[in-house]
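The values are calculated or read from the model by the stated rules, or taken from the named source; none is laboratory data. As the structure is a prediction and not an experimental result, all values here were calculated from the model. For neighbour counting, all protein chains shown are included, and Cβ atoms are generated from backbone atoms with ideal geometry for every residue, glycine included. When the accessible area is computed, the model is the full protein with side chains, heavy atoms only, and any ligands, DNA or RNA have been set aside. Shrake-Rupley method; radii C 1.70, N 1.55, O 1.52, S 1.80 Å.
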Amino acid sequence: MVIVAGYLLVAPEGRDAYLVGCVDVVEQARSSPGCLDFAISADLTDPARINIFERWETQEAAESFRGAGTGEEQNAAILGATVAEYAIAEVRPLI
């Protein structure tokens, strides 16, 4: 299993528009082979922060969906980012 997690920073006044522009990406990801979960969401306390969470069955599934990454318009809006990919060897359900 692969988890991609972190956050993006955008101008607070542009965050809502950025998220609206991500709706299609989320829908496409969730219908992609190997996608277990995919979320791009507004942070509850930081108006510039957008939280990223992805969960994939395999590295190949994540890379196949990711392709070239974000488009030029999205890249231009990102002021900073901390996103990492994690290879998970074991899962222990909590609920």
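Evaluate the following for CYS35: is it farther than 20 Å from ILE78 by Cβ and not acidic (Asp, Glu)?
The answer is yes for CYS35.
List, please: which pairs have Cβ atoms under 9 Å, are six or more places apart or on different chains, and start with a residue in the range 73-89 that is farther than 22 Å from LEU36 by Cβ and in contact (Cβ under 8 Å) with a residue 60 or more places away in the chain and end with one that is open to solvent by 60 Å² or more (accessible area, probe 1.4 Å) and assigned to a helix (DSSP H, G or I)?
If the second residue must be open to solvent by 60 Å² or more (accessible area, probe 1.4 Å) and assigned to a helix (DSSP H, G or I), the pairs left are ALA77/ALA17.
Tell me which residues, restricted to the range 1-60, are within 16 Å of THR82 (Cβ to Cβ), in contact with a Gly (Cβ under 8 Å, 6 or more places away or on another chain) and open to solvent by 50 Å² or more (accessible area, probe 1.4 Å).
Result: LEU9, single match.
Given the criterion in contact with a strand residue (DSSP E or B) (Cβ under 6 Å, 6 or more places away or on another chain) and in contact (Cβ under 8 Å) with a residue 40 or more places away in the chain, identify the matching residue among ALA62, ALA48.
ALA62 is the lone residue from the list that is in contact with a strand residue (DSSP E or B) (Cβ under 6 Å, 6 or more places away or on another chain) and in contact (Cβ under 8 Å) with a residue 40 or more places away in the chain.
Taking the conditions exactly as written (within 14 Å of the chain's Cα centre (by Cα) and of a type outside the set (Asp, Glu)), does ALA89 satisfy them or not? Write out each step before concluding.
Values: within 14 Å of the chain's Cα centre (by Cα): no; of a type outside the set (Asp, Glu): yes.
No; evaluated as a whole, the condition is false for this residue.
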